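Trainee: The structure that follows is given in the form of structure tokens.
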Amino acid sequence: MGQIKKALITGITGQDGSYLAEFLIKKNYQVYGIVRRVALEDETHRLWRIKHLLKKIKLSSASLESYASIVKIIQKIKPNEVYHLGAQSYVSYSFEDEFSTLNTNINGTHYLLSAIKEFSPKTKFYFAGSSEMFGKVYKKKQNETTRFYPRSSYGISKVAGFELTRNYREAYNLFACTGILFNHESPRRGFEFVTRKISSAVAKIKLGKQKNLYLGNINAKRDWGHARDYVKAMWLMLQQKKPSDFVVGTGEMHSVKEFLNLAFSIVGLNYKKFIKIDKNLYRPSEVDTLRADYTKAKKILKWKPSINFKGLVKEMVLEDLKRFK
Ligand code: NAP
Ligand code: GDD
């Protein structure tokens, strides 16, 4: 029997981190996670997505803003694989605080790559890139060769992370990959993102606990998949012979309006009666459409999504109905 593989996940308390940890535990990895110090002091609130896994994983507090603390962790664990998911991930917030978004997202990625290069060069590295890098899209469907045109400091930070990852691969021969992941959701999605804002509101409205739902641009269109499918693609990227970058999505695009319509119809309600448009929720520069061409992932990783739009919306609404009852 081979040695047990060690995987280190940054952002393990987030949506993707929790699904990825579950996935890797099933694959018999020893999973390590980096969390913020406050998370260890307030498990109930900050570790809710991984509380069922706490006995099976090893958590350390470290700061993505400190090179020294990243170096310590990399030296101590010498992981076989690092999944760098930790980031300020909320696009709207990046307009309010560009500085911390750029600092955390760019420096965190740079520190990890540099620490791996110096102290554990055999470690394989996954960077959580984003379809937000395509922003104001150049092509109807976006793939690995489509030009980037980010529309927020969040998008810019992900382009920088992508370029750093590519450069460390080419200059220092690291096994470093970027997954350019399109939007992926689940019942573990943060409440500020539009899909969860809708599914939680649908449940609360149905249960008589909320009256209206305030939204911004409901004409925006996204390629929405399920997070459980997408963490598998992350792992597959690090199991290939050669490191490379991959677009991961469903190839289908739906508007926020379509999401609303379907989510409300699941509980027998018409969204038009509850929705209020709040112009303050519009973004200074919007990404209007995103749609993946994931041909490369399909061909090389043999990956494809297993949960469709309808299945995703249904799961989110039904889970929120249970949660808010
Ligand atoms: P998420 O639920 O918002 O999780 C973000 C994680 O990053 C959390 O664990 C959070 O820790 C951590 N984090 C945030 N700021 C930090 C900081 N300053 N220092 C240390 N940790 C920090 O995001 P997600 O949906 O799982 O996404 C995972 C990654 O994929 C992110 O990098 C995101 O940008 C990227 N991505 C997501 C999508 C998507 O549709 N979900 C698509 C493309 C790319 P706390 O719990 O302590 O806040
Ligand atoms: N959050 C939010 N809240 N979005 C709204 C609202 C609202 O009240 N009303 C309309 N929208 C629109 C936004 O303007 C955007 O066009 C769309 O809904 C999706 O917004 P989010 O769910 O916040 O996600 P996002 O697409 O901006 O970013 C997510 O996906 C990226 C991948 O493309 C995040 O997970 C990013 O971290 C990720 O990189």
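The values are calculated or read from the model by the stated rules, or taken from the named source; none is laboratory data. Bear in mind the structure is a predicted one, so any value in this text is a computation, not a measurement. Note that we place each Cβ from the backbone using ideal geometry, even for glycine, and neighbour counts take in every protein chain shown. Accessible surface areas use protein heavy atoms only, side chains included; no ligands, DNA or RNA. Shrake-Rupley method; radii C 1.70, N 1.55, O 1.52, S 1.80 Å.
Trainee: Please list, short to long, the whole-number percent of alpha-carbon pairs of the chain in consecutive 10 angstrom bins beginning at zero.
Mentor: P(r) for the chain, in whole percents per bin: 6, 26, 35, 24, 8, 1, 0.
Trainee: Could you sort the peptides 148-159, 304-315 by per-residue average Cβ neighbour count (10 Å cutoff), highest mean leading? Kindly include the intermediate steps, with their values, before the conclusion.
Mentor: On the way: 148-159: 21.7, 304-315: 17.7.
So the peptides 148-159, 304-315, ranked by packing, come out 148-159, 304-315.
Trainee: Could you work out the relative contact order of the chain? I mean the mean sequence separation of Cα pairs under 8 Å and 6+ apart, divided by the number of residues, in percent.
Mentor: 17 percent
Trainee: A further question on this structure: Report the extension gain between GLU286 and LYS27 in nm, rounded to one decimal, defined as 0.36 nm multiplied by the number of residues separating them, less their alpha carbon distance.
Mentor: Details: separation 259, 0.36 × 259 = 93.24 nm, distance 3.92 nm.
So the chain would gain 89.3 nm between GLU286 and LYS27.
Trainee: Now a separate question. What angle, in degrees between 0 and 90 and rounded to the nearest 10, separates the Cα long axis of helix 227-238 from the longest principal axis of the Cα atoms of the chain?
Mentor: In the chain, helix 227-238 runs at an angle near 20 degrees to the longest axis.
Trainee: Please enumerate, by chain and number, the aspartates and glutamates with C-alpha under 17 Å from the C-alpha of LYS211, excluding those fewer than 8 residues away in the same chain.
Mentor: ASP278, ASP320
Trainee: Each residue of region 199-212 in turn: what ³J(HN,Hα) in whole Hz from Karplus with 6.51, -1.76, 1.60 and θ = phi - 60°, glycine and Pro shown as x?
Mentor: 4, 6, 5, 4, 5, 5, 5, 4, 8, x, 9, 8, 9, 10
Trainee: For the pair TYR90 and TYR172, what calculated FRET efficiency results from E = 1/(1 + (r/R0)^6), where r is the Cβ-Cβ distance and R0 = 25 Å, to the nearest 0.05?
Mentor: Details: r = 32 Å, r/R0 = 1.26.
In this case the efficiency is close to 0.20.
Trainee: Follow-up question, since we're still on this one. Assuming R0 = 35 Å, what is the FRET efficiency of ILE4 and TYR67, from their Cβ-Cβ distance, to the nearest 0.05? Before the final figure, lay out the partial values.
Mentor: Working: r = 28 Å, r/R0 = 0.81.
It comes to 0.80.
Trainee: As I understand it, the value is the acute angle between the Cα axis of helix 67-77 and the longest principal axis of the Cα atoms of the chain; what does it come to in degrees, rounded to 10?
Mentor: On a 0 to 90 degree scale, this one is about 70.
Trainee: Based on Cβ point charges of +1 for Lys and Arg and -1 for Asp and Glu, what charge dipole magnitude is obtained for the chain about its Cα centre, in debye rounded to the nearest 20? Intermediate results must be reported in sequence, preceding the final value.
Mentor: Values: 58 positive and 29 negative charges, 222 e Å.
Its charge dipole is roughly 1060 debye.
Trainee: Across 5 Å bins from the origin, how do the percents of Cα pairs in region 194-275 run, short distances first?
Mentor: Values per bin, smallest distances first: 3, 13, 21, 17, 13, 11, 8, 7, 5, 2, 1.
Trainee: Can you give me the Rg/Rh ratio for region 1-126, using Cα atoms for both radii and the Kirkwood formula for Rh?
Mentor: On the way: Rg = 14.3 Å, Rh = 14.9 Å.
My calculation of the ratio gives 0.96.
Trainee: Hey, can you find the accessible area per residue of region 235-325 for me, probe 1.4 Å, expressed in square angstrom? Each step should come with its number before you reach the end.
Mentor: Details: 5100 Å² over 91 residues.
The answer is 56 Å² per residue.
Trainee: Within the chain, what whole-number % of the accessible surface is contributed by carbon and sulfur, with the 1.4 Å probe and all protein chains included in the calculation? Write out the running numbers ahead of the final one.
Mentor: Values: 7730 of 15600 Å².
That fraction is 50 percent.
Trainee: Sum up the charges of everything whose Cβ sits under 13 Å from the Cβ of LYS26, counting Lys and Arg as +1 and Asp and Glu as -1, but leave LYS26 out.
Mentor: Details: positive: LYS5, LYS27, LYS56, ARG228, LYS232; negative: GLU22.
Counting the neighbours of LYS26, the net charge comes to +4.
Trainee: Relative to the longest principal axis of the C-alpha atoms of the chain, give the angle of the C-alpha long axis of helix 256-266, reported between 0 and 90° and rounded to the nearest 10°.
Mentor: For 256-266 against the chain, the angle is about 70 degrees.
Trainee: Give me the extension gain from LYS279 to LYS241: residue separation times 0.36 nm, minus the current Cα-Cα distance, reported in nm with one decimal.
Mentor: 8.8 nm
Trainee: Taking every pair of distinct Cα atoms and averaging 1/r, then inverting, what Kirkwood hydrodynamic radius in Å comes out for region 215-261?
Mentor: Working: mean 1/r = 0.0786 Å⁻¹.
One over the average 1/r among Cα pairs gives 12.7 Å for region 215-261.
Trainee: What does the highest-first list of 164-176, 105-117 look like by mean Cβ count within 10 Å? It would help to have the intermediate numbers written out before the result.
Mentor: Working: 164-176: 17.8, 105-117: 22.4.
For the peptides 164-176, 105-117, the packing ranking is 105-117, 164-176.
Trainee: Still on this structure: Taking the Cα centre of the chain as the origin and placing charges on Cβ (Lys, Arg +1; Asp, Glu -1), which of GLY2, VAL256, ASN80 is farthest toward the positive end of the dipole?
Mentor: In the chain, that residue is GLY2.
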